[in-house]
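The values are calculated or read from the model by the stated rules, or taken from the named source; none is laboratory data. Everything quoted here is computed from the prediction, not taken from an experiment. As a convention, Cβ positions derive from the backbone with ideal geometry for all residues, glycine included, and neighbour counts pool all protein chains shown.
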Amino acid sequence: MQIRDVFVIMPFSEQRLLTANGERTYDRQHFDDVYAVLLDAVHAFDSTIVVNRMEQPYGNLVNAIIKRLASADVVIAVLAGKNPNVFYELGVRHSLRLNTIMLVEHRDEYPFDLTAYFSKEYSIAHDRERKQLATFITDRLSEIKVQPLPDSPVLDVLKQAEFEQLRVLNMLETRRAAMILSGILGETLKIDLIFARSFTSVNRIRTGKLDGPPPQMALSWSIMDGFTKNRPVPGLPEIAYEHSESVYLSWRHMQMLWNEYAAAKEPPFTEMLQLVMHTDRATTALMHSATVALDFVITNEVAFGIPWPDCYESVEAVSEPAELGQLKLRVGPIANDVLSRFRGFEQAYLGAPPNLLAEVTAPSVGESTSFEALVNQAKAAALSGKSTSPRKVSRRPRKKKS
C-alpha cells in the first residue's frame with residue numbers, strides 16, 4: 001500500500017505513574033525526543049511522507065483527532081506514561097483501521113497484554129537504542145507497504161465475526177442452490193419420461209399401430225417457470241438462465257403444437273418427430289448441465305462459481321432418434337445418481353471451506369464424463385445397434401470434516 005502520512009499519538013505533557021518499583025516520570029522533553037526519532041525514521045524511509053501530531057494540549061480536539069485516526073495511513077502510538085487519552089485514541093484507531101505501531105518504554109505500562117500486536121519496547125537513553133527504535137520503525141513501514149499486518153485486536157475479532165457471517169450465508173445459499181437445482185433436474189427428468197412416451201406414439205403412427213388418436217400432452221414446469229423468471233441462484237452464470245429459458249419456451253411450444261397435431265384427423269408423423277427430436281435434444285443438454293451444476297454444489301459445498309457447461313452445439317450433432325436414445329441412456333443415469341446424492345446431502349450444512357474466496361475444484365462429473373464424450377458414445381452405439389450401459393462416473397472422495 002502507499003504510505004502518504006503518519007500520525008503520532010502521544011502525551012502532551014509530563015507523565016507520572018506509580019509502579020511496583022516506585023514512581024516513574026516522563027517529562028515533556030522525553031516525548032519531544034521520541035517524536036524527533038520517529039520523525040527522522042519515517043523520513044529516512046520516505047522523505048515525502050507527512051508526519052505530525054496534535055501539538056496543542058487544549059481546546060476540543062476530539063473531532064480533529066478522530067478524523068486523523070481514521071484517515072492516517074499509519075498511526076504510531078507512544079504508550080509510555082500510561083496516559084488515558086492516548087489509550088483512548090489507540091482504541092479508536094484499533095476500531096477503525098490496521099497499520100498501528102505501538103511503542104512502550106516498560107512492559108508494565110500496558111493495561112493489558114498487547115505484545116502480540118507488533119508492539120515495541122524502546123529506550124532513547126543511548127544512541128544505540130535510538131538507532132534500534134529507528135530501525136524498528138523503518139522495518140515496520142516496509143512490511144506495511146507490502147501488506148497490512150494483523151495489528152488490531154478489535155479488527156481481529158470483527159474479522160472472525162465477519163467470517164462466521166459469510167460461513168452462515170454460504171451455508172444458506174448452498175442449501176438453497178442445491179434444493180433449487182435438484183428441483184430443476186427432477187422436473188427435467190419427469191418431462192423426459194413424457195417425451196419418451198411421445199416417441200413411442202410417433203413410432204406407432206409411422207407403423208400404423210396406433211389405436212386411436214395420440215394422447216394429449218400435459219407438461220408440468222412450475223419449477224422451471226419460477227427459475228427462469230426469478231433467477232434465484234446468484235452463483236450460476238448468465239448462460240444457465242438463458243439456456244433454461246430457451247428449454248422452458250420449447251416445452252410450452254411443444255405442448256401446444258403436439259396437442260394440435262394429436263387432435264388432427266391424420267396426425268402428421270414427420271412434423272411430430274421433428275418436434276419431439278428438437279425439444280428432447282434441448283432437454284437432454286439441459287439435464288446434463290443441471291447435473292454438473294448440482295454435483296458441483298453438493299461436492300464442494302459452496303454456492304458461488306457454479307459451472308454450467310454449454311452443451312447446445314454438441315447436442316445439435318445428434319440427428320437420429322437412435323442416437324438421441326443412446327445419449328439419454330448415458331445422461332439419465334448420471335443425473336439420477338447425482339439426485340440420489342442430493343437426497344443424502346445433509347440439510348444442515350457442515351461448514352465453510354477454509355477460504356471462502358479460494359478457487360474451488362471443478363466437479364468430477366464435468367471432468368470424467370463430458371457431454372461431447374457422451375454424444376460420441378451414443379452415436380457409436382447407435383451405429384452398432386447395441387444398447388450399452390453408461391460408464392461409471394469416477395469421483396474423488398469428499399474431504400472429511402474435522
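Of note:
- Segment 28-73, subset in a helix (DSSP H, G or I) and of a type in the set (Lys, Arg), residue modelled with the lowest pLDDT: Arg28
- Some residue of segment 269-288 being over 25 Å from Arg330 (Cα atoms), out of contact with any Leu (no Cβ under 9 Å at 6 or more places or on another chain) and either hydrophobic (A, V, I, L, M, F, W, C) or surrounded by 14 or more Cβ atoms within 10 Å (Cβ to Cβ) (or both): yes
- Given (1) more than 15 Å from Ile101 (Cβ to Cβ); (2) touching a residue at least 24 places away in the same chain (Cβ under 8 Å); (3) of a type in the set (A, V, I, L, M, F, W, C), index of the condition Leu141 fails: (1)
- All of (1) under 30 Å from Val233 (Cα atoms); (2) touching a residue at least 24 places away in the same chain (Cβ under 8 Å); (3) of a type in the set (D, E, K, R) hold for Arg206 with one exception: (1).
Table: residues versus (1) in a loop (DSSP other than H, G, I, E, B); (2) free of Cβ contacts under 8 Å to residues at least 40 places away in the same chain; (3) closer than 24 Å to Trp308 by Cα.
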position: Glu242; (1), (2), (3): no, yes, yes
position: Glu260; (1), (2), (3): no, yes, no
position: Leu273; (1), (2), (3): no, no, no
position: His278; (1), (2), (3): no, yes, yes
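- A single entry from Leu210, Leu166, Leu158 fulfils the requirement of being at pLDDT below 90, touching a Lys or Arg at 6+ places or on another chain (Cβ under 6 Å), among the aliphatic types (A, V, I, L, M) and farther than 30 Å from Ile124 by Cβ: Leu210.
- Test: residue in segment 363-384 that is surrounded by fewer than 16 Cβ atoms within 10 Å (Cβ to Cβ), among the polar types (S, T, N, Q), within 25 Å of Met277 (Cα to Cα) and modelled with pLDDT under 85: yes
- Residues considered: Val233, Val247. Of these, the only one that is buried (at least 20 other Cβ atoms within 10 Å of the Cβ), in the same structural domain as Ser314 (by TED's automatic domain parsing), part of a helix (DSSP H, G or I) and aliphatic (A, V, I, L, M) is Val247.
- Of the helices (runs of 4 or more DSSP H) lying entirely inside segment 127-230, those carrying at least 2 residues that are of a type in the set (Lys, Arg) are 127-146, 153-207.
- Phe163 vs. criteria crowded, with 18+ Cβ neighbours inside 10 Å and assigned by TED's automatic domain parsing to the domain that holds Ala322: no
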